[in-house]
Amino acid sequence: MQQRTREHWSSYIGFIFAAAGSAIGLGTLWKFPYVTGENGGGLFVLIYILCTFFIGIPVFIAELILGRRAQRGAVGIFATLADNSAVWKSAGWLSVFSAFIIMSYYSVIGGWGLNYVLMSIMESFKDMSAQEVGNLFETLYHSGDITLFWHLMFTVIVIVLVLPGVRQGIEYWSKFMMSALFILLVSLFAYATTMEGFPKAVSFILSPDFSKFKPSGALEALGLSFFTLSLGQGIMLTYGSYMRKTEDIPKIGFIVGTMIIIAAILASLMIFPIIFTFGFSPQEGRGLVFKTLPLLFSKLPGGLIISTTFFILFTFAALTSAIAFVEVVAANLMDLQGWSRKKAVLTTGCACFIFGIPSALSGTNVLFSSWPDIFGRTFFATVDDLVSIWFLPIAGLMIAIYTGWFFDAKQRKEEFNAGTKFNWLYGTWIFFIRWVVPVAIIAIMLQQSGIVNVDTLFKP
């Protein structure tokens, strides 16, 4: 099969926006704040920053290097560089499958975001009690028809954004949505600085309390850094394949990593002042965005504007990541099957929607109603755990091992040094990829799967 000409990013900045957009998603705006709240604040944030720079960014660089070298999708990379080895190709397939599964339920959450934009505009939270706001989300969660509608709408939007291609689709819309995202994020942060709870939020987020250290919290921070950098999902492998040789991969890694950290901290400093101003606990958990914040927004002056702005921000963050998930799968269909972009994107979008139906109906008795009785969790939670506990860490582990130990040393060094002034970092990067990253990923898997409880293991 003749390989089609590879499309490339039109500019260095365009790629930065696309890569940062894929990473600054719901993990940054939703998961980071509530996990930070559950793990005591400042110390967790410090560990997260260290993990991002010393563990996450080395893997981020590795994925870009492999993608740029092969100029193929996630599976084609290992077919090209690893002599079609079935073992290494499985890392590519696992990444693609992970992106597909994540998109199937990510679009459900993104659909909830669209619904909350509409509810914010309609002032649905006005004069509601905490119980009533909570019931509003529960009604949405248990309404299969409404959730399916928004699941479909979100998926259709993503398909429309990805169809035009790398430059006119992904890059163009990533620039627009990321610019808008940061403007909205900074605007809400600026408002949060005027609130009574802002000083307490700053102290909570930026003042490490070492008495609260738990080994499990450190591994949670490490796992979150992987998730927020979009590692093991095939995204950076695919995006790397659209890069030119002149682009500085180590520099891009540090820029994107720094942008993600800044966005995560800004999101927390936007949310926690509201939490503390009204005397709520920072340990609100997964219900923080859809249950706690709408209630608090309704109590603020200008609550309509603030609530609508926040959920538009939330939706943009979901979209910038979702277009990356669809592109990962579509790129492999174009590579391996020779399909046109239109056919690959439409097929991927439709398949993600269909596979996401059980997740959309997880709160109802319409479909898979006996799933929680068999597996102890809803279908939504089951596939989320499958991906986050097993698929992503295994794919990341295999990519690190292949890059550090099996990828041709000459090609590896050539790709790292191409277009960069940071070639002096090559030895340090190799050390982390070979020794530190694999150990860290294995530790995450053992802890998250429940095989080992590190808190008990290291208990004095």
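By the gyration tensor of its Cα atoms, with a ≥ b ≥ c the square roots of the eigenvalues, what is the shape of region 1-129: rounded for a/c under 1.5, prolate for a/b over b/c, or oblate? The shape class here is prolate.
Residues in region 132-149 carry Karplus couplings, in order, of 5, 5, x, 5, 4, 5, 4, 5, 4, 4, 8, 9, x, 5, 5, 4, 4, 4 Hz; the curve used is 6.51 cos²θ - 1.76 cosθ + 1.60 with θ = phi - 60°, and Gly or Pro positions show x. Label region 115-209 by shape, choosing from rounded, prolate and oblate, from the square roots a ≥ b ≥ c of the eigenvalues of the Cα gyration tensor; if a/c is under 1.5 it is rounded, and otherwise prolate applies when a/b is larger than b/c, oblate when it is not. Since a/c reaches 1.5 but b/c is at least a/b, the shape of region 115-209 is classed as oblate.
Divided by 2.2 N^0.38 Å, where N counts the residues, the Cα radius of gyration of region 36-104 comes to 1.47. Positive end of the dipole of the chain (Cβ unit charges, origin at the Cα centre): among 48, 139, 345, the Cα lying farthest that way belongs to 345.
Give me D for the chain in µm² s⁻¹, whole number, from Stokes-Einstein with Rh from the Kirkwood sum over alpha-carbon pairs, 4 °C and 1.567 mPa s. Could you put the intermediate results ahead of the total?
Working: Rh = 22.4 Å.
So the translational diffusion coefficient is about 58 µm²/s.
Taking trypsin sites (Lys or Arg not before Pro) in DSSP loop conformation with at most 16 other Cβ atoms inside 10 Å as exposed sites, the chain has its longest uninterrupted site-free stretch at 246-376. Protein heavy-atom surface of region 62-107, 1.4 angstrom probe: 60% of the accessible area is carbon and sulfur, with nucleic acids and ligands not counted. Each residue of region 443-452 is assigned a 3J(HN,Hα), and the resulting list reads 4, 4, 4, 5, 6, 5, 7, x, 5, 10 Hz, derived from the Karplus form 6.51 cos²θ - 1.76 cosθ + 1.60 (θ = phi - 60°), x at Gly and Pro.
Taking a straight line from the alpha carbon of residue 31, these lysines sit under 24 Å away, with near neighbours fewer than eight places off in the same chain left out: 175, 200, 212, 214, 291, 299.
Note that the chain presents 39 Å² accessible area per residue, ligands and nucleic acids not counted, probe 1.4 Å.
Enumerate the calculated ³J(HN,Hα) couplings along region 264-278 in order (Karplus 6.51 cos²θ - 1.76 cosθ + 1.60, θ = phi - 60°), each rounded to whole Hz, writing x wherever the residue is Gly or Pro. My calculation for region 264-278 gives 5, 5, 4, 4, 5, 6, 8, 8, 5, x, 5, 4, 6, 4, 9 Hz in order. Apolar share of the accessible surface for region 137-237: 69 percent from carbon plus sulfur atoms, 1.4 Å probe.
Rounded to the nearest 500, what is the chain's calculated 222 nm mean residue ellipticity when only DSSP H runs of at least 4 contribute -39500 (n - 2.57) each, over all residues?
Working: 23 runs with 313 residues, N = 460.
Here the helix-only value at 222 nm equals -22000 deg cm²/dmol.
Only protein atoms count toward the accessible area here, which uses a 1.4 Å probe; on region 296-428, the carbon and sulfur part of that area reaches 66 percent. Each Lys and Arg adds +1 at its Cβ and each Asp and Glu adds -1 at its Cβ; summed about the Cα centre, the chain shows a dipole of about 1180 debye. Take the alpha carbon gyration tensor of region 195-354, find the square roots of its eigenvalues, order them as a ≥ b ≥ c, and report rounded if a/c is under 1.5; if not, report prolate when a/b exceeds b/c, else oblate. Prolate, since a/c reaches 1.5 and a/b exceeds b/c.
The values are calculated or read from the model by the stated rules, or taken from the named source; none is laboratory data. All of these numbers come straight from a predicted model, not from anything done at the bench. Using ideal geometry, Cβ is built from the backbone for each residue, glycine included, and neighbour counts are taken over all protein chains shown. Keep in mind that these areas ignore ligands, DNA and RNA; they rest on the heavy atoms of the full protein, side chains included. Shrake-Rupley method; radii C 1.70, N 1.55, O 1.52, S 1.80 Å.
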